[in-house]
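Participant: What follows is a single structure, and I will ask about it in a moment.
Please treat every number below as a calculation from the coordinates, not as lab data. Note that the coordinates shown come from a computational prediction; the quantities given were computed from them, not determined experimentally. As a convention, Cβ positions derive from the backbone with ideal geometry for all residues, glycine included, and neighbour counts pool all protein chains shown.
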Amino acid sequence: MNGTSPRIRIKVTCHTCHERLTTTAKPYARKLRCPECEGIINIPAYDPVEAEFLKKLAEPRNVDPGVYGISTSDDTKNDNISSITTVTMKCPQCLSLLSPELRDDSWMDTCPDCLEEYRVPSRSEIPEKPKPVPIPDPGQYAPGEASKPTPLNTHVYEHISHIRQVAVDPPPKRVYFSNVFNYPWTSHVWPRWVWTSIAWVISWVFVTITLQFLLSSGVGPVVAAMIGLPSFWIVFWTLSYTSACGMTILEGTGSGQVVIDEWPEPDWREWGVNLMYVAFLGLVAQGISLLMEPVAQFLPAPWLVSLVQVHLIYPIILLSALESGSIMWPVSVPLYQTLWSHGRYWVSYYLLAGALSAVYVTAVVFSIMFEPILCALWMGPLTAAFLFIQARLLGRLGWRVLVEPDGGKKRLAKMEKIRKYQEEPFGDFEPVPPESQS
């Protein structure tokens, strides 16, 4: 900014948003609108601004610094207000940092940026700095004798570590007869068996009524079409829930559990996933059995041979898919090796599962011949029990040939060791005095 220049640039500050702006001073006073907040800014005239600027230029700025000397350490600690010559403050207009002279009386100074007058407080108005409180001398202390640490007795922690081990179920004494054929009616399974039985009773009734109307004349096919969709969904939900419970029993029993407490969640979509899993593996087993049709057609009752083939192939496919962890490639070499190494367990399973299936099929045939609708009252619970026992049998087979080929002897020895640690007393332990603990 030059006082002799025809164009004098001045800085102004918006009182609303405190935005600093630069504009040209005119011979007359005027008003501008702030581009940020649309507030009104008063612009002074040319002559007063130039006169004030020239006046500020004429004031002496360089002050004689005087004579300086080296002060002692006591002088540097003197923070009395009388030794302060300047004070730091902000301009109320442009918020610039200022350092005016501190005097005994208050006086008015002008901001060099915005030429706004502001008040400088007096020396008495500025509070003095608080003096630091001296720290008392702590004195001298004689070192005492160090306490000897008490040796840690690890014997008790060994016992606790063995006690806190999660105990697993003991292996069954008899693979296919210990808690197998009475499994649906045990204390932790019978509620699931009851719900499954009710679902199968309702499904049996709806399917029987639909088939009777479908085979009748007149309006029978129309009524069958009307109740066909509800019958389909009821059968689908029943099969889905039964598949979910069966897979839970199979996987839990195969891992060595006697009591299964992780049952399917009440979500029919998760049940449907289990049904698709079981049905897909059934189609794979059926496809493998069809490859043997050229041989089966020369035998009497080829449909019975195909049924027997599916009964023999499906357990192998299902256990292979679970062991390999792949449904698209249900091939497990370790499982196929057990067909020879543990052949007696496979033969025992097929004999028991075949006998159970024969009894169930015979009951179904005679029930349909007797009274199709009334037989639902006993065929529903019988179907649920049959499927639960079949899943339990297949799970025991997988446990015996894959998980614990030794029959759980190593696990039983480990459980006996844990039980011995639990029964062994801890012994006498002397209490640690409080002063030694610190």
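Participant: Compute the signed sum of charges (Lys and Arg +1, Asp and Glu -1) over the other residues within less than 14 Å, Cβ to Cβ, of THR242. Before the final figure, lay out the partial values.
Facilitator: Numbers: positive: ARG192, ARG392; negative: GLU270.
So the surrounding residues net to +1.
Participant: Additional query: Considering the options TRP190, GLY246, PRO334, tell which one lies farthest towards the positive end of the dipole of the range 172-423, charges being +1 on Lys and Arg and -1 on Asp and Glu at the Cβ, about the Cα centre.
Facilitator: PRO334
Participant: Using a Förster distance of 22 angstrom, determine the FRET efficiency expected from the C-beta separation of PHE370 and GLN286, and round it to 0.05.
Facilitator: On the way: r = 30 Å, r/R0 = 1.38.
Step by step, r from the Cβ atoms, then E = 0.10.
Participant: Could you tell me the calculated FRET efficiency between SER326 and LEU211, based on Cβ-Cβ distance and R0 = 41 angstrom, to the nearest 0.05? Intermediate results must be reported in sequence, preceding the final value.
Facilitator: Working: r = 38 Å, r/R0 = 0.93.
It comes out at approximately 0.60.
Participant: Now, a different point. Working out 0.36 nm times the residue gap between ARG123 and MET226, then minus their Cα-Cα distance, what length gain in nm do you get to one decimal? If you can, show how the numbers build up before the last one.
Facilitator: Working: separation 103, 0.36 × 103 = 37.08 nm, distance 10.13 nm.
Full extension from ARG123 to MET226 adds 27.0 nm.
Participant: Let me ask something else. Hey, got the dipole for the range 172-423? About the Cα centre, +1 on K and R Cβ, -1 on D and E Cβ, debye to the nearest 20? Please list the in-between numbers first.
Facilitator: Values: 15 positive and 13 negative charges, 196 e Å.
With only Lys, Arg, Asp and Glu charged at Cβ, the dipole is about 940 debye.
Participant: Here's a follow-up. Report the calculated FRET efficiency for ASP267 and ARG20 (r = Cβ-Cβ distance, R0 = 51 Å), to the nearest 0.05. Intermediate results must be reported in sequence, preceding the final value.
Facilitator: Values: r = 66 Å, r/R0 = 1.29.
Efficiency, from the Cβ-Cβ distance: 0.20.
Participant: OK, next. What full-extension length gain, to one decimal in nm, is calculated for ASP169 and LYS31 as 0.36 nm per residue of separation minus the Cα-Cα distance?
Facilitator: Working: separation 138, 0.36 × 138 = 49.68 nm, distance 9.21 nm.
Length difference between fully extended and current span is 40.5 nm.
Participant: Here's a follow-up. Could you tell me which GluC sites (Glu not before Pro) in the range 240-279 are loop residues by DSSP with no more than 16 other beta carbons within 10 angstrom of their beta carbon? Before the final figure, lay out each step's value.
Facilitator: Working: sites: GLU251, GLU262, GLU270; in loops: GLU262.
Sites meeting the loop and neighbour criteria: GLU262.
Participant: First select every other residue whose beta carbon is under 10 angstrom from the beta carbon of TYR176; then total the charges, Lys and Arg +1, Asp and Glu -1. Can you show the working numbers first?
Facilitator: Numbers: positive: ARG174, ARG392, ARG396, ARG400; negative: none.
Cβ neighbours under 10 Å give a net charge of +4.
Participant: I'd like the Karplus ³J(HN,Hα) series for the range 187-194: coefficients 6.51, -1.76, 1.60, θ = phi - 60°, whole numbers in Hz, and an x wherever there's a Gly or Pro.
Facilitator: Each residue's phi maps through the Karplus curve to give 5, 9, 10, 4, x, 5, 5, 5 Hz.
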